[in-house]
Amino acid sequence: MKKNLYPLIFLLALIVLPLLLRQEYYQHLIILFMMWVIIGSAWNLLAGYTGRVSFGHAAFFGSGAYAAGLLTYHYAISPWWGMVTGGLLATAVAFPFGWITFRLRGAYFALATLALNEVLKDAAKIAEPLTNGMVGILIMPTFSSKLPYYYIILFMMVLTILCMRLTVHSKLGYYFISIREDQEAAESMGINTTRYKMISLCIGTFWTGLAGAFYMNYMGFIDPSVVFSLQDLSIAAVLVGIVGGVGTIYGPAVGAFIMIAVQEFFRSGFFGLFKYFADKTGSSAFTTVSEFVKTAHTLGFGLLVIFVILLLPNGIVGDWPKIKRKVFRIKPEN
Amino acid sequence: MKPARKMFVFLTAFALSVCATAVPALSQTIKVGVVLPLTGSEAAFGEIERNSFQMALDEINAKGGVKGRKIELIFEDDTGKPDVGRSAVEKLISQDKVSVLTGGYSSAVSIGVTALAQQKNIPFLVTTGSADEITEKGYSYVFRINPPASEYPEAVTSFLQEVVKPKTAVILYENTSFGQSSSKSFEGNLKNLGVQLLLKEAYNANAVDFKPILTRVKSMNPDLIYMVSYVMDAALLMRQSKELDINPQLFVGGGAGFTLPEFRENAQAAADNVFSATLWSESVPYPGAMDYYKKYNARFKSNTEYHGTEAYACLYVIADALQRARTFSPSDIRDALASTDTKTAFGPVKFVSYGKKTQQNRLPTFMVQWQRGKLETVWPRNVATKGYIFPTTPWRERK
Amino acid sequence: MDVFWQTLVAGILKGGLYALIGIGMTLIMGVMGIINLAQGQLMMVSMYITYVLFSALRIDPYLSLAIAMPALFLLGVLIQKYFLNPLLKVDTILPHNQVLMTVGIGMVLTEVIRFIFKSDYRSVSTTYSNKTFFLGHISFSVALTVAFGIAVMFTLGMFLFLMKTDLGRSIRATAQDKEAATLMGVNTGRITVITFGLGSALAACAGTLLAPVFYIFPDIGGPFTSKAFVITILGGLGSTVGAIFGGLTLGIAESVGSTYLGMDYENIIGMIIFVGVLVFLPSGFKRLTKV
C-alpha cells in the first residue's frame, strides 16, 4: 500500500490542481508535462525494460498526429477519433519496421529507428497531395477551455502508467527484462525473443501514437518538421528517459517534469525573477544575467544530461537510493 | 533542515512580494506582448525583429506614448517551436494580461498563436508568419501585416507578361511552408501566361550540393529559372549555376533570400543581374523606409532587412490603433485595428477581406535586381530606381 | 550524357568529403564499439575555428588545417578521457550510455557555439570558393577538387598508419578484441583516447575543407552526423577502405538520386540504403573488400 501512496497523492493533486490554479499558463505547462510522461513511459518500455533504445520515437508520434490530422483534413471526421487511429497507425508503422530490424543488435536498432524517423519526415513532406506537405494541417480546436484537454491527457497518462505497471509486473515484463539482460540466455530458455520485442514495441508505439494524436487535437496544427522532429522529439524522448531513470515506472515522469521545468525556467528567466531584480535594483548586471540565462535553456538541459549520465547513470529515480545514501551520509556533518 | 526551511520561507515570501508589487507598478503602461524566436535556429531574425520593435517603442514613447500612457513591450521567446510559442503566449495572456499580441516569425508558431488569440479574444497582429491559412480561418481577432506567401510573385508575373515573355521555365523551391505555397501560386501564374513549366522541384533547406539538379536544369535550357530560397541556399544556387555555366534569359529569386546583403557577400559576382521579387527593400518608395534603414544601422551597427521593417511597422500600426481605440480593452483595440488606414515604413496598411482571406493587409510587390553589387528597384516602372538589365549576359562573356 | 557525367562528378567530389567524416566515425566505432553521435558537431566546431582564423587573422582555410586538426584532436582526447571512459566503470541498465553521452556532448557543443556566435550564417569566402575548371563539358569546382585530393591523401595516410605503425596495430588489435589486446600488453584506455582524438581530427579536416565551399551555422552538425553513421554502416565498422567506399557510394547515390528522382528524395535515399545494408549486408562493404 505504501508503494502506491505517493503516486496516489500525486494523482489527487493533479486532479485538484487546475481548480486551484486558474492560470491557463500553468495548466498548459502541466498538459505538456503529462504528454511527455506518456511519450517517455512508452519509450521506456522499449528501451528501459526491453533494452532496445529507440532514437526515432518521433516517427511514431508523428504517425499518430498525422492519423488524427488526415482524418479531419480529408474526411472531416472529428480528430478525437484519431486518438484511436493514431495509436493504431503508429503500431502499424512499428510492426513491419520491428519485423525487419529486430534482428539487429544493440546500437544498430537505434540507428535504424533514427533512419525511420528521417524517412517518414521526408515522406510526409513529399506526399503533398496526401499530407499537404510543409504547409501542414490546421484544424479548429474543439474546446476553448484548457480543462477538457487537461483531464483527457491526465486520464491518458494514468492509463499509460497503469498499462506500464501491469505489463512490467506481469510475465511479459520478466520476459522483457530477461531479453534486456541477456538475449542469448533468454533464447536458450525458450523465450521467443523476437515476439516479445515486437509486443514491447507495439505497446510502446501505441501510446506514443496516442500522444501524437492528442498533440494534433490540442495544438490544432502540425507539419512534418514539427511532429517528426529529430531534435525536439526523438532525442528529447531519450533524454527524458535517461534523466528520470530508464527501467523504472516513474522515471520518465520525473524526466518529463525536469525537461519542461528547465525549459520554462530558463526561457522565462526564472519566471521573471531576474527582471524583478533588475527593476528593483536598477542594476544592468541583472539584465545581462537575465539575457544570458534566457538563451541557455538547451545548454542547461544538455549539461544536465551529461551530469546525470556521469554521476547518476541510472537516472534520478533509478539512482534514488544512491542519492539518498549520499544525502544521509552528508547530513550528520552539517 | 533548518536552513532549508528558512530558505523556503524566504523564497515564498519573496515570490508573494513579486506578485504583490508587480501589478500596481506597471498598470500605467499599455502592455503589448511580442512572441519571437530569440533562441534556436531562427534567432537571427528574431533578433532583428526585436531590435526593430524596440526602436519603434522608444520612438513612440519618446513622443509621449499613446494618450499620455506609455507602451510596454513584453518579449517572449518561442524558440521556434509551436508548443513553446504557445506556452509563451499563454503566459502573456494569463500572467502579464497583455491587451494586444504581435510578433510570430515562423508560420507554425504563428498558426498556433492565432487559435489561442481568437479563443481568448486578444487581438493578434501577425508580423511575419506567411502561410496563407493564417488569415483564411475567419478569425476576427487575427490581423496580418505581411502579404501571404502566395502573393509574393505578383510583380514578377507582370514583368514576365510585359517584358520577358518567356516560353519555358523551371521552378526550384525550398521545401518549407513558404516555398511550397509561393511556388504553387507562381506555377498558376505561369499557366495563365502560357509559359511551359519544364520542371518544378523541391529541395531540403541547407542542402550541400545543388549541382545534380542544376545539371538537369541546364540540359533543359529554360528561358527562366525561378527560385524560392533562403539566403545561403540562394547564394549557393547562384554560385553553382555560375560554376556549371547555366545561362537562362533571367534568374529570378522568389523571396527574401535573394535581396539580403549576405546573399551578395556569399554569391559575390554570381549575384550580379539576378532579379528578385520583394516586398520591401530600403529603396522602395515608402516614406520612412530609408529612414528606418539608416536609423537601424546607426543604432545597432548591423544591417536590417524586410523582417525588421515588418516589426517596426507593426508597432506603429498598434500605436495608431491604440490612439483611436475607445478604451484599452482588447475588444476595442480589435475594432480600432480593423479600421486601420495608415502609412508605415513597410507601406500602406489597411486590413481588408478578399477571396478566402480576412483582415489581411494587401501590399504591392516589387522587383529588384543586383546591378554591380547594388540592389536596384527595377519594376514596376513608375517606382524604378534604375532600368533593368535584360536579358542576362552569359557567364563567360562577363568581365 | 553530359548530365550523367556531371552528376557523377558532383557525387564523387562530395563523396570524398563524406569519406573523411566517415573514416573518423568508423575508427571510433570500430575501436570502442559505440556510435559517436557528436561527430557532425565536432566537424561544426572545426568549421567555426576555421571561420575565426579566416575572418580575424586572414589565415587561409588550407593552412588552418594545421590548427583546427590538433585543436579538435585535443578536444576529442578530453571528451574521451573525462566523459566517455569514466562510463566504462559504472554499471548501468542500458549498454548505450556512452552513445547517449555523445548526444549530450553534441547538444552542448552546438549550444556553446550558438552562445558565442549566435545563429547567424557565417561564411569563409576565399578567392577560390567560386573557381571552376572544365574538362570537356564537365565542370569541376576547384575548392572541392582540392578537398577531394586532400581527403584521399588523409585516407591513404590513415590506412598506412593503421597498417604499418605500432600504434596503428594496437588500435586495430583493440578494435578486434579488447580483452586480448589488453592481455598482449596494449594500454587500451590510452588507445581509446587516441582513437577518439584521431576521429575528431579527421572530422575537423572535413569541416575545414568544407568551410570555403559551404557556409557555417550552429545546427550544421546534425545532418552530417547522420550521414557519417550511414557511411560507417555502409563501409563496415572500423574499416577505412570501407569508409571510402561508403562515402563515395553515398555521395554518388545522393547525386544520382537528386538528378533522376528529385532533390527532395536526397535524404530518403541515404536512409533507405542504410537500412537496406543493415538488413541485407550487416557487415557492410567490409565483407566484400575484406579490409
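The values are calculated or read from the model by the stated rules, or taken from the named source; none is laboratory data. These numbers come from a predicted model, not from an experiment. Here the Cβ is made from the backbone with ideal geometry for all residues, glycine too, and neighbour counts use every protein chain on show. Heads up: the accessible areas ignore ligands, DNA and RNA and are worked out on the full protein's heavy atoms, side chains in. Shrake-Rupley method; radii C 1.70, N 1.55, O 1.52, S 1.80 Å.
What to note about this one:
Here is a yes/no grid of residues against (1) closer than 30 Å to B:E90 by Cα; (2) in contact with a helix residue (DSSP H, G or I) (Cβ under 8 Å, 6 or more places away or on another chain); (3) surrounded by fewer than 22 Cβ atoms within 10 Å (Cβ to Cβ):
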site	(1), (2), (3)
A:S170	no, no, yes
A:S178	no, yes, yes
A:A185	no, yes, yes
A:S188	no, no, yes
A:T193	no, yes, yes
A:W207	yes, yes, no
A:N217	yes, yes, no
A:D223	yes, yes, no
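- Filter pass, B:L38 being open to solvent by 10 Å² or more (accessible area, probe 1.4 Å), at pLDDT 85 or above and in a loop (DSSP other than H, G, I, E, B): yes
- Counting residues in the stretch C:59-74 that are among the β-branched types (V, I, T), within 23 Å of A:L239 (Cβ to Cβ) and touching a residue at least 12 places away in the same chain (Cβ under 8 Å) gives zero.
- Filter result (within 14 Å of C:A243 (Cβ to Cβ) and either open to solvent by less than 50 Å² (accessible area, probe 1.4 Å) or modelled with pLDDT of 85 or more (or both)) within the stretch C:275-287: C:V277, C:S283, C:G284, C:F285
- For B:M290: the one exception among (1) over 30 Å from C:H137 (Cα atoms); (2) touching a residue at least 40 places away in the same chain (Cβ under 8 Å); (3) open to solvent by 40 Å² or more (accessible area, probe 1.4 Å): (2)
- Qualifying positions in the stretch C:208-247 - closer than 21 Å to B:E265 by Cα and in contact with a Leu (Cβ under 8 Å, 6 or more places away or on another chain): C:T208, C:L209, C:L210, C:V213, C:F214, C:Y215
- Close contacts from the stretch A:274-303, counting a first residue that is more than 9 Å from chain C (Cβ to nearest Cβ) and more than 17 Å from B:S41 (Cα to Cα) and a second that is open to solvent by 60 Å² or more (accessible area, probe 1.4 Å) and among the aliphatic types (A, V, I, L, M), with Cβ to Cβ under 6 Å and a gap of 6+ residues or different chains, come to A:F274/A:V289.
- Single residue of B:G112, B:G129, B:G85, B:G104 found to be buried (at least 24 other Cβ atoms within 10 Å of the Cβ), in contact (Cβ under 8 Å) with a residue 24 or more places away in the chain, within 13 Å of chain A (Cβ to nearest Cβ) and in contact with a Lys or Arg (Cβ under 7 Å, 6 or more places away or on another chain): B:G112
- Boolean, B:V156 is aliphatic (A, V, I, L, M) and in a helix (DSSP H, G or I): yes
- Spans of helices (runs of 4 or more DSSP H) in the stretch A:1-103 with at least 1 residues within 14 Å of chain B (Cβ to nearest Cβ): A:2-20, A:24-44, A:58-75
- A residue that is of a type in the set (K, R), over 15 Å from A:L46 (Cα atoms) and buried (at least 21 other Cβ atoms within 10 Å of the Cβ) can be found somewhere in the stretch A:142-156.
- Residue within the stretch B:323-341 that is under 17 Å from B:T278 (Cβ atoms) and open to solvent by 10 Å² or more (accessible area, probe 1.4 Å) present: no
- Counting only residues that are outside any helix (DSSP H, G or I) and hydroxyl-bearing (S, T, Y), the stretch B:298-355 holds 10 of them.
- Hits in the stretch A:264-311 (condition: among the polar types (S, T, N, Q), in a helix (DSSP H, G or I) and under 20 Å from C:I116 (Cα atoms)): A:T287, A:T288, A:S290, A:T298
- Only a single criterion out of (1) more than 24 Å from B:F258 (Cβ to Cβ); (2) of a type in the set (A, V, I, L, M); (3) touching a Pro at 6+ places or on another chain (Cβ under 6 Å) is not satisfied by B:L363, namely (1).
- Matching entry among B:Q54, B:Q95 (being in a helix (DSSP H, G or I) and at pLDDT below 90): B:Q95
- Whichever residue in the stretch C:129-155 is open to solvent by 40 Å² or more (accessible area, probe 1.4 Å) and either part of a loop (DSSP other than H, G, I, E, B) or small (G, A, S) (or both) and, among such residues, is nearest to B:A234 (Cα to Cα): C:K131
- Check on C:L162, of a type outside the set (S, T, Y), part of a helix (DSSP H, G or I) and open to solvent by 70 Å² or more (accessible area, probe 1.4 Å): no
- Test result for A:M140, over 26 Å from A:S234 (Cβ atoms) and touching a residue at least 24 places away in the same chain (Cβ under 8 Å): yes
- Taken over the stretch B:246-262, the criterion of being within 11 Å of chain C (Cβ to nearest Cβ) and modelled with pLDDT of 90 or more is satisfied by B:I246 alone.
- Unique residue being more than 9 Å from every other protein chain (Cβ to nearest Cβ), in contact (Cβ under 8 Å) with a residue 40 or more places away in the chain and among the charged types (D, E, K, R) when the list is C:R114, C:R122: C:R122
- Looking across the stretch B:199-245, the residues that are within 10 Å of chain C (Cβ to nearest Cβ) and assigned to a loop (DSSP other than H, G, I, E, B) come down to B:N204, B:N206, B:A207, B:V208, B:D209, B:F210, B:Y230, B:D245.
- Extreme residue, surrounded by the fewest Cβ atoms within 10 Å (Cβ to Cβ), among residues of the stretch C:61-82 that are within 30 Å of C:Y215 (Cα to Cα) and within 14 Å of another protein chain (Cβ to nearest Cβ): C:L78
- Residue pairs meeting the criteria (Cβ under 8 Å; at least 6 apart or on separate chains; first without any contact (Cβ under 8 Å) to a residue 60 or more places away in the chain, in the stretch C:164-192; second in a helix (DSSP H, G or I) and of a type in the set (F, W, Y)): C:L167/C:F161; C:G168/C:F161
- Against the conditions (1) surrounded by 24 or more Cβ atoms within 10 Å (Cβ to Cβ); (2) more than 14 Å from chain B (Cβ to nearest Cβ); (3) part of a helix (DSSP H, G or I), A:G247 satisfies every one except (3).
- For the stretch B:246-257, residues that are touching a residue at least 40 places away in the same chain (Cβ under 8 Å) and in a helix (DSSP H, G or I) total 1.
- Restricted to helices (runs of 4 or more DSSP H) entirely inside the stretch A:121-196, those with at least 3 residues that are modelled with pLDDT of 90 or more are A:147-169, A:171-181.
- Each residue in the stretch C:117-141 was checked for being over 17 Å from C:L53 (Cα atoms) and small (G, A, S), and 4 pass.
- Boolean, A:G255 is within 12 Å of another protein chain (Cβ to nearest Cβ) and either in contact (Cβ under 8 Å) with a residue 24 or more places away in the chain or more than 15 Å from A:W43 (Cα to Cα) (or both): no
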